[in-house]
Amino acid sequence: MPEIPNIAHWIRPNRLFNEGRLYAEAVLGIANGRVQIVTDDIQVIPGSQIYDFDGIISPGFFDLQVNGGGGVLFNEAPIKEAIWEIAKAHKKLGTTGIFPTVITDKLSVLRHAVDAVIEAVGQNGVLGIHIEGPHISLERRGTHKAEFIRPIDEDTFQLVEKLRAADVPTMLTLAPDVVSPEDIKRLVEMGTVVSIGHSQASAGVVRLALEAGASCFTHLFNAMPPVEGREPGVVGAAINSYAFTGIICDGIHVADEMVAMAIRARPVSDRMYLISDAMPTVGGPTAFNLYGTKVSLVNNRLINSEGSLAGAHTTQSKSVKRLVDYIGIPIEDALKMAITTPGKVMGLQLDSLQDLSVKDIICLTNGLEYSGTLADLLQLSENE
């Protein structure tokens with residue numbers, strides 16, 4: 001290893017996650033608040049200079065579907081300051097990068113949300129936007145308000161064009177039973193990641209959407225018809241495809257056995273990723289308003305006035321731990337599902353420690369509990 005001058009801290013964790021792999025023997029060299037080197041050659045480092053951490057060090061989690069946090073709901077407050085409050089709430093829980101998610105709503109809300117993300121992106125962990133709806137199936141709307149569901153039109157294309165002109169990574173969830181392959185292709189050609197969700201489509205219709213360029217599925221199993229022997233539907237088409245597929249792993253939205261089955265049934269590995277679908281109760285109060293009605297946290301479930309699930313009360317950190325503890329997924333694979341793979345969905349590399357700020361690096365216990373950032377750990381070590 002070449003000599004690296006002016007390293008302020010050498011950190012040796014029990015395990016280290018970097019670029020999609022979990023290492024048992026590696027150290028980090030920190031200077032100027034950033035990782036300068038990651039190496040497994042510890043022989044050249046004086047032992048007295050190494051700080052041992054009894055846990056796992058990793059880049060922060062990334063969440064492609066965050067509706068709210070810290071008592072703030074993006075739909076209800078589509079301004080940049082609200083986005084930053086949401087991001088701040090999730091960063092306290094280990095998620096350092098988010099896509100604020102605006103769900104089906106009035107066109108004016110969507111316009112404000114787009115403008116807000118253009119102002120907020122690239123700051124405080126805001127990496128793009130997820131527009132979930134309004135071009136979805138009425139039969140599979142979930143908590144989305146029926147009166148705001150509408151066919152795709154030039155308003156949507158103009159909003160996407162505005163986002164892409166500002167170089168904002170953009171995901172759009174739609175239902176291929178209400179949006180044509182031609183319109184999907186147009187969105188993809190604009191640089192949008194089209195994700196299939198809230199859909200009643202047959203497997204055949206889904207395949208046409210994939211051929212048109214859709215490359216992802218939104219919260220597998222939820223807001224989709226159940227699989228049948230003669231009609232695999234959206235779920236069957238997703239599992240059998242090579243597309244990326246998001247899933248909520250909170251033990252409520254999808255049974256742990258079904259999460260396990262979906263992961264193990266895919267034709268290729270590393271196509272499943274975790275989303276939280278988090279709402280304002282994450283890092284916030286136990287109730288909030290959506291579309292003017294109250295949503296309450298009851299037995300860890302968010303229930304709206306219609307009795308439907310309305311988003312989730314979970315985090316990427318909790319989801320990773322559940323994948324390992326309840327489903328038996330190896331730690332390396334679970335971390336990839338919360339960092340590496342969602343990054344790949346959007347063409348972003350978010351799993352490399354090299355040059356990463358210590359504020360965006362997380363520390364986990366050996367039991368996968370979030371314990372703070374590397375910046376917190378370094379401050380603690382200096383005070384010892």
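With bins 10 Å wide starting at 0, give me the P(r) of the chain over every alpha carbon pair, in whole percents. Binned Cα distances yield the sequence 5, 24, 33, 24, 10, 4, 0.
The Kirkwood radius of segment 93-222, taken over pairs of alpha-carbon atoms, gives through the Stokes-Einstein law at 25 °C and 0.890 mPa s a diffusion coefficient of 166 µm² s⁻¹. Compared with the alpha-carbon gap, the fully stretched path from residue 289 to residue 257 is longer by 8.3 nm at 0.36 nm per residue. Proximity of backbone amide H atoms, modeled 1.01 Å from N, is registered between residue 14 and 53, 55 at under 5 Å, excluding neighbours fewer than 5 places apart on the same chain.
For segment 61-345, the antiparallel share of DSSP beta bridges with both residues in that region comes to about 30%. Straight Cα distances below 19 angstrom link residue 344 to the lysines 336, with same-chain residues fewer than 8 positions distant left out. Taking packing as the residue-averaged number of other Cβ atoms within 10 angstrom, the listed peptides 87-98, 181-192 run from highest to lowest as 87-98, 181-192. If you take the beta carbon distance between residue 7 and residue 88 as r and set R0 to 41 Å, what does 1/(1 + (r/R0)^6) give as a FRET efficiency, to the nearest 0.05? Given R0 = 41 Å and the Cβ-Cβ separation, E is 0.85. With contributions of -39500 (n - 2.57) from each DSSP H run of at least four residues, the per-residue ellipticity at 222 nm computed over the chain stands at -8000 deg cm²/dmol. A simple spin-label model places pseudo-atoms 7 Å from Cα toward Cβ; at residue 227 and residue 182 they are separated by 3.4 nm.
The calculated pair-distance distribution of segment 53-106 uses every alpha carbon pair, bins of 10 angstrom beginning at 0, and gives 25, 48, 18, 7, 2 percent.
Read-outs throughout are calculated quantities, based only on the coordinates presented, and are distinct from any laboratory measurement. A quick note: this is a predicted structure, and the numbers were derived from the prediction, not measured. A quick note on method: Cβ atoms are made from the backbone with ideal geometry, for glycine too, and the neighbour counts reach across all protein chains shown.
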